[in-house]
Amino acid sequence: MIDHDVIIVGGGLAGSRAALEIVRTNPSLSIAVVAKTHPIRSHSVAAQGGMAASLKNVDDTDSWEAHAFDTVKGSDYLADQDAVAILTQEAPDVVIDLEHMGVLFSRLADGRIAQRAFGGHSHNRTCYAADKTGHAILHELICNLMKYGVKIYEEWYVMRLILEDGQAKGVVMYHLLSGHIEVVRAKAVMFATGGYGRVYNTTSNDYASTGDGLAMTAMAGLPLEDMEFVQFHPTGLYPVGVLISEAVRGEGAYLINSDGDRFMANYAPSRMELAPRDITSRAIVSEVRAGRGVKPDGSPGGPYVYLDLRHMGKEKIMSRVPFCWEEAHRLVGVDAVTEPMPVRPTVHYCMGGIPVNTDGRVRASADELVDGFFAAGETSCVSVHGANRLGSNSLLECVVYGRRTGASIAKFVQGRKAPDLNADHYITEAQAQIQGLFNQSGQYRIHEIRQAYQDCMTEHCGVFRTDEVMQAGLLQLRELQQKYSQIRLDDRGTSWNTELIEALELRSLFVVGEMILFSAINRKESRGSHFREDYQQRDDAAFLKHTLAYYSAAGIDINYLPVVINQFEPQERKY
Ligand SMILES: Cc1cc2nc3c(=O)[nH]c(=O)nc-3n(C[C@H](O)[C@H](O)[C@H](O)COP(=O)(O)OP(=O)(O)OC[C@H]3O[C@@H](n4cnc5c(N)ncnc54)[C@H](O)[C@@H]3O)c2cc1C
């Protein structure tokens with residue numbers, strides 16, 4: 001058994017920012033970060049467009065209150081307003097702190113940090129490093145962890161959260177290189193395991209975004225919050241699904257249909273291409289459904305629309321969004337200086353997650369906290385995004401709540417003893433689980449089941465939803481789950497057994513998908529990213545509350561958590 005004061009699962013922005021705060025607060029603590037990838041390959045590194053903060057460098061009429069209002073309105077009033085106030089008040093400070101660490105933000109001519117427009121934000125407040133913002137920030141954070149001597153376990157897969165009598169005591173992890181299984185015991189456990197884009201067949205997320213942290217939390221008997229809210233980003237490059245950042249529209253690009261019309265005029269006339277993502281994604285799907293999508297030969301009736309940058313000119317494209325130009329050129333052979341890019345919505349972000357309070361402490365229920373368990377970043381739900389996240393608020397959440405959670409962990413572990421724990425029991429169970437997978441002599445390969453599962457989720461729980469379609473999805477998902485015990489692994493070795501990891505990840509995907517579908521069936525209204533064709537209106541009387549879903553082998557139970565409304569009264573959401 002390995003002992004640390006604190007074990008953080010996840011080396012993305014949220015996990016690394018938390019680790020840094022703990023070591024800065026108390027350098028004598030033993031802190032470890034574990035990641036199934038190398039930490040700088042965490043999905044955070046792919047973040048493009050930027051991070052919001054009312055620095056007022058470009059627009060001096062901005063304020064934290066305006067940022068808070070935009071965020072709450074964007075969330076369709078489901079965000080907790082105390083958490084949003086913290087997010088927006090602390091934003092300028094965390095950006096300056098990152099700059100002092102060495103993050104190279106793009107600049108204005110006078111040397112101050114530049115700020116661009118972003119969807120749903122009423123002022124130019126998104127700070128950026130060209131269209132490689134996540135790369136710039138994550139590299140700096142990981143360098144800092146090395147400088148401070150934080151222990152990093154890279155390429156270890158965490159298989160299980162150890163939770164006994166309402167207390168988190170550690171994790172069980174598997175070493176990809178050697179096949180070795182270890183128990184890590186800690187006074188505080190933090191999950192910063194990112195999102196679950198791989199639940200769907202078209203996503204902007206990396207291959208590692210399989211929702212492991214969510215699944216482990218659910219399987220430990222703890223609730224997940226608001227899982228029905230899945231963000232579809234409007235501009236995934238067709239057909240691959242990789243992201244074309246909202247920064248491209250922030251810098252002035254148009255969305256056009258097969259008639260050449262800027263169709264957003266019919267959906268969000270005041271904000272056009274910079275409407276929030278839920279509205280823009282529905283608009284694109286509606287255009288495609290109405291036959292105004294484009295086919296690969298340029299004729300109408302196809303599956304995508306165009307993102308048109310041509311009027312921006314080569315110099316602006318190459319200086320502000322060079323990476324997006326390169327993506328389209330490399331992946332689909334489109335030169336955006338002279339041709340429009342083919343785009344359609346792609347699964348991008350998980351608004352729900354592990355319920356936490358504003359100190360990052362995980363909730364066991366609406367009014368109890370778990371002892372010693374913390375979470376931040378995309379895997380958590382604090383909830384600052386409610387039913388729909390605004391672009392550039394997620395990196396901000398990772399840094400603000402990563403920092404706060406780190407500070408709260410540093411305080412929490414002070415004077416605490418290491419928990420009692422029978423490591424052998426957990427190692428034996430983990431070995432048996434892996435051996436069980438090796439022993440299966442089934443007829444299915446992992447990729448077949450995973451593809452069928454991703455197609456099922458995409459078809460049955462997408463941008464538009466109905467009870468009938470989702471119920472059919474749930475049935476199909478349960479049939480596919482039965483097949484999990486009939487998958488066959490060809491690799492039964494101990495070194496770099498990526499097939500085994502894919503089998504473990506597939507289990508996570510199943511748990512997460514079932515939670516998403518079940519929560520979505522239960523919410524009989526339309527709010528933010530969750531649009532029900534059979535319940536098209538928002539229903540504040542019945543559903544202005546957070547879903548808490550509890551997983552068990554027997555089925556899922558739904559409970560609720562009230563929404564904190566202390567600054568902005570819910571209104572009709574129009575743009
Ligand atoms: C292409 C793209 C562009 C984006 N652009 C922006 C943007 O411009 N602005 C913005 O605000 N947001 C953006 N986002 C969203 C934002 O980047 C993410 O929400 C955020 O970076 C998530 O950070 P995180 O620390 O929570 O998790 P991640 O960065 O996803 O890190 C998760 C970590 O957990 C580890 N992990 C997971 N499971 C296990 C396990 N079982 N065992 C061990 N380790 C595990 C992984 O190895 C990884 O280290 C973008 C997202 C994408 C996909």
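The values are calculated or read from the model by the stated rules, or taken from the named source; none is laboratory data. All values derive from a computational prediction rather than experimental measurement. Here the Cβ is made from the backbone with ideal geometry for all residues, glycine too, and neighbour counts use every protein chain on show. Only protein heavy atoms, including side chains, enter the accessible area calculation; ligands, DNA and RNA are left aside. Shrake-Rupley method; radii C 1.70, N 1.55, O 1.52, S 1.80 Å.
I'd like the residue in the range 147-176 that is aliphatic (A, V, I, L, M) and within 9 Å of the ligand (Cβ to nearest atom) and, out of all such residues, is farthest from Leu20 (Cα to Cα).
Met159
Do you know which residues across the range 438-485 are under 29 Å from Val172 (Cα atoms), open to solvent by 10 Å² or more (accessible area, probe 1.4 Å), not charged (D, E, K, R) and not in a loop (DSSP other than H, G, I, E, B)?
Phe438, Asn439, Tyr444, His447, Gln451, Gln454, Leu480, Gln481, Gln482, Tyr484
Out of the range 319-345, which residues are farther than 23 Å from Val288 by Cα and either open to solvent by 70 Å² or more (accessible area, probe 1.4 Å) or small (Gly, Ala, Ser) (or both)?
Ser319, Arg320, Glu326, His329, Arg330, Thr338
Can you find a residue in the range 177-198 that is open to solvent by less than 40 Å² (accessible area, probe 1.4 Å), away from the ligand (no atom under 11 Å from the Cβ), under 24 Å from the mean Cα position of the chain (by Cα) and among the aromatic types (Phe, Trp, Tyr)?
Scanning the range 177-198, I find no residue that is open to solvent by less than 40 Å² (accessible area, probe 1.4 Å), away from the ligand (no atom under 11 Å from the Cβ), under 24 Å from the mean Cα position of the chain (by Cα) and among the aromatic types (Phe, Trp, Tyr), so the answer is no.
Run down Arg24, Arg17 and say which single residue is surrounded by fewer than 22 Cβ atoms within 10 Å (Cβ to Cβ), more than 7 Å from the ligand (Cβ to nearest atom), under 23 Å from Val184 (Cα atoms) and of a type in the set (Lys, Arg).
Arg24
Among the listed residues Ala328, Ala265, which satisfies the condition of being modelled with pLDDT of 95 or more and farther than 19 Å from Leu243 by Cα?
On inspection, the qualifying residue turns out to be Ala265.
Of all residues in the range 502-559, how many are open to solvent by less than 10 Å² (accessible area, probe 1.4 Å), over 14 Å from Arg465 (Cβ atoms) and in a loop (DSSP other than H, G, I, E, B)?
Here the count works out to 0.
Here are Ala130, Ala136: which of them is over 21 Å from the mean Cα position of the chain (by Cα) and either at negative phi or not in a strand (DSSP E or B) (or both)?
Ala130
Is there a residue being of a type in the set (Gly, Ala, Ser) and more than 21 Å from the chain's Cα centre (by Cα) anywhere in the range 508-524?
The answer is no, given that none of the residues of the range 508-524 is of a type in the set (Gly, Ala, Ser) and more than 21 Å from the chain's Cα centre (by Cα).
Regarding the range 99-106, can at least one residue be identified that is open to solvent by 10 Å² or more (accessible area, probe 1.4 Å) and within 12 Å of the ligand (Cβ to nearest atom)?
Looking through the range 99-106, none of the residues is open to solvent by 10 Å² or more (accessible area, probe 1.4 Å) and within 12 Å of the ligand (Cβ to nearest atom).
Pull up the range 104-127, narrow it to residues that are in a loop (DSSP other than H, G, I, E, B) and among the charged types (D, E, K, R), then point me to the one that is nearest to His43 (Cα to Cα).
Arg125
Results for (1) more than 16 Å from the ligand (Cβ to nearest atom); (2) crowded, with 23+ Cβ neighbours inside 10 Å; (3) in a helix (DSSP H, G or I), shown as yes or no for each residue.
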{"position": "Gln48", "(1), (2), (3)": "no, yes, no"}
{"position": "Phe69", "(1), (2), (3)": "yes, no, yes"}
{"position": "Glu90", "(1), (2), (3)": "no, no, yes"}
{"position": "Asp93", "(1), (2), (3)": "yes, no, yes"}
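Hey, can you tell me all the residues within the range 119-133 that are in contact with a strand residue (DSSP E or B) (Cβ under 9 Å, 6 or more places away or on another chain) and within 9 Å of the ligand (Cβ to nearest atom)?
Across the range 119-133, the qualifying residues are Thr126, Tyr128, Thr133.
Any idea which of (1) open to solvent by less than 10 Å² (accessible area, probe 1.4 Å); (2) closer than 30 Å to Tyr575 by Cβ; (3) more than 18 Å from the chain's Cα centre (by Cα); (4) within 16 Å of the ligand (Cβ to nearest atom) is the one Ala83 doesn't satisfy?
Condition not satisfied by Ala83: (3).
Testing Asp226 on (1) within 16 Å of the ligand (Cβ to nearest atom); (2) open to solvent by 30 Å² or more (accessible area, probe 1.4 Å), one condition comes back false. Which one is that?
Condition (2) is where Asp226 drops out.
Assess whether Asn201 counts as being in contact with a Ser or Thr (Cβ under 6 Å, 6 or more places away or on another chain), assigned to a loop (DSSP other than H, G, I, E, B) and either open to solvent by 20 Å² or more (accessible area, probe 1.4 Å) or modelled with pLDDT of 95 or more (or both).
Taking the combined requirement at face value, the residue satisfies it.
Would you check if there is a residue in the range 384-402 being within 20 Å of Ile86 (Cβ to Cβ), modelled with pLDDT of 95 or more, part of a helix (DSSP H, G or I) and touching a strand residue (DSSP E or B) at 6+ places or on another chain (Cβ under 6 Å)?
yes
Could we say that Ser54 is closer than 23 Å to Gly197 by Cβ, within 16 Å of the ligand (Cβ to nearest atom) and in contact (Cβ under 8 Å) with a residue 60 or more places away in the chain here?
When the stated conditions are applied, Ser54 does not pass them.
Just one of the numbered conditions (1) open to solvent by 20 Å² or more (accessible area, probe 1.4 Å); (2) closer than 22 Å to Arg282 by Cβ; (3) at pLDDT 95 or above is not true of Pro239; which one?
If we test Pro239 against (1) open to solvent by 20 Å² or more (accessible area, probe 1.4 Å); (2) closer than 22 Å to Arg282 by Cβ; (3) at pLDDT 95 or above, just (3) comes out false.
Do you know which residues across the range 199-214 are of a type in the set (A, V, I, L, M) and near the ligand (Cβ under 9 Å from one of its atoms)?
Hit for the range 199-214 is Ala208, nothing else.
If I filter the range 36-46 down to residues being β-branched (Val, Ile, Thr) and either more than 18 Å from Gly391 (Cα to Cα) or in the same structural domain as His546 (by TED's automatic domain parsing) (or both), which single residue comes out as farthest from the ligand (Cβ to nearest atom)?
This residue is Ile40.
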